[in-house]
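Trainee: Would you mind keeping the following structure in view while I ask a few things?
The values are calculated or read from the model by the stated rules, or taken from the named source; none is laboratory data. Just so we're clear, the structure is a prediction, and the values are computed from it rather than from any experiment. Glycine gets a Cβ as well: all are built from the backbone with ideal geometry, and neighbour counts include every protein chain shown. SASA here: full protein model, heavy atoms, side chains in, ligands and nucleic acids out. Shrake-Rupley method; radii C 1.70, N 1.55, O 1.52, S 1.80 Å.
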Amino acid sequence: MAEQVEIEFYLDSDEITFLEAWENKYGELNEEQLEELYQEIAKDIESKYQAGEHQLGKSFSYKEVKVGYSDYSTFNNWFLFSATKRL
């Protein structure tokens with residue numbers, strides 16, 4: 001994972017679920033703030049994953065807000081999130 005890591009959501013509804021929870025706790029975000037938040041989340045999950053503090057397939061939260069269940073795409077260098085656990 002040497003390149004810059006990004007995050008993505010499997011479905012639009014997964015992203016909406018996260019954003020609603022985030023905005024309920026911290027307030028609305030503009031596009032620039034949203035991009036910064038996603039970069040912060042990517043850095044956080046990458047460091048926790050590499051340190052063995054987070055396992056793929058488990059629920060991941062950032063600043064006490066559930067982002068979703070995590071997965072990783074080596075092809076795209078993305079951490080992927082789903083609101084519900086994917087089998």
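Trainee: By how many degrees, between 0 and 90 and to the nearest 10, does the Cα long axis of helix 12-26 differ from the longest principal axis of the chain?
Mentor: 60 degrees
Trainee: Calculate how steeply helix 31-50 sits against the longest principal axis of the alpha-carbon atoms of the chain, using the helix alpha-carbon long axis, and give the answer as 0 to 90 degrees to the nearest 10.
Mentor: 30 degrees
Trainee: Let me ask you something else. Name the residues whose placed amide hydrogens come within less than 5 Å of the amide hydrogen of V67, ignoring near sequence neighbours (fewer than 5 apart) on the same chain.
Mentor: Residues meeting the criterion, in which the H sits 1.01 Å from N, are F60, S61, Y62.
Trainee: While we're on this one: Quote the accessible area belonging to E8 in square angstrom, nearest 10, computed with a 1.4 Å probe and with ligands, DNA and RNA left uncounted.
Mentor: We get 70 Å² for E8.
Trainee: Quick one: accessible area per residue over the chain, 1.4 Å probe, rounded to a whole number of Å²? Could the numbers behind the result be given before it?
Mentor: Details: 5830 Å² over 87 residues.
Per-residue value: 67 Å².
Trainee: Heavy atoms only, probe 1.4 Å: what % of the accessible area of the chain goes to carbon and sulfur, would you let me know?
Mentor: Exposed carbon and sulfur together represent 44 percent of the surface.
Trainee: Put +1 on the Cβ of every Lys and Arg and -1 on every Asp and Glu Cβ in the chain; which of L11, S59, A83 then has its Cα farthest towards the positive end of the dipole?
Mentor: Of L11, S59, A83, it is S59.
Trainee: Continuing with this model, one more query. Using the crude model of +1 on Lys and Arg Cβ and -1 on Asp and Glu Cβ, and no other charge, please compute the dipole size for segment 38-80 relative to its Cα centre, in debye to 20.
Mentor: Numbers: 5 positive and 6 negative charges, 15 e Å.
I would put it at about 80 debye.
Trainee: Remind me, relative contact order of the chain in percent, using alpha carbon pairs under 8 angstrom and six or more residues apart?
Mentor: Values: 109 pairs, mean separation 33.7, N = 87.
In percent, rounded to a whole number, it is 39.
Trainee: Roughly how big is the chain's charge dipole about its Cα centre, with Cβ charges of +1 (Lys, Arg) and -1 (Asp, Glu), in debye to the nearest 20?
Mentor: Values: 8 positive and 19 negative charges, 129 e Å.
Dipole of the chain, to the nearest 20 debye: 620 debye.
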